[in-house]
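A short write-up of the structure that comes next.
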Amino acid sequence: MSLTGLKKHVRILEEAGLVKTEKHGRTRHCFLGPRGLEDVSDWVEAYRRTWDDHFDRLDAIIERKKGSSK
C-alpha cells in the first residue's frame, strides 16, 4: 500500500471516530478511539442477535423436517 493510500484510510477512520491521531515532530501517532469502537460493537451485537435468532429458527425447521421424514 502506498503512503498516500495509508493516509487516506487513516483519515477515514479518524473521521469515523475509530482512531485518533497526534503529530509528534515528523511522525504521526494513531490511537484507537474507544467511543467509535463502542458504536461499532453495539451495531455488530444487534446484528449478531438477529442472525442468531434466524439460525435458531432455521435449526428448528430442519429438526422438524428430519423428525417428520422418519
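Annotations for the structure displayed:
- Reachable aspartates and glutamates, given that their alpha-carbon falls under 17 Å from the alpha-carbon of K20 and they are not under 8 places away in the same chain: E38, D39
- Fewest-first ranking of E14, E38, using other Cβ atoms within 10 Å as the exposure measure: E38, E14
- GNM result for the chain, Cα springs below 10 Å: residue of L37, L18, L58 fluctuating most strongly: L58
- Over all pairs of different C-alpha atoms, the chain has a mean inverse distance whose reciprocal, the Kirkwood radius, equals 15.7 Å.
Throughout, read-outs are computed from the coordinates displayed, never taken from laboratory work. From a predicted model like this one, the values you see are computed outputs, not experimental measurements. Because the Cβ atoms are built from the backbone with ideal geometry, glycine has one as well, and the counts that use them run over all protein chains shown.
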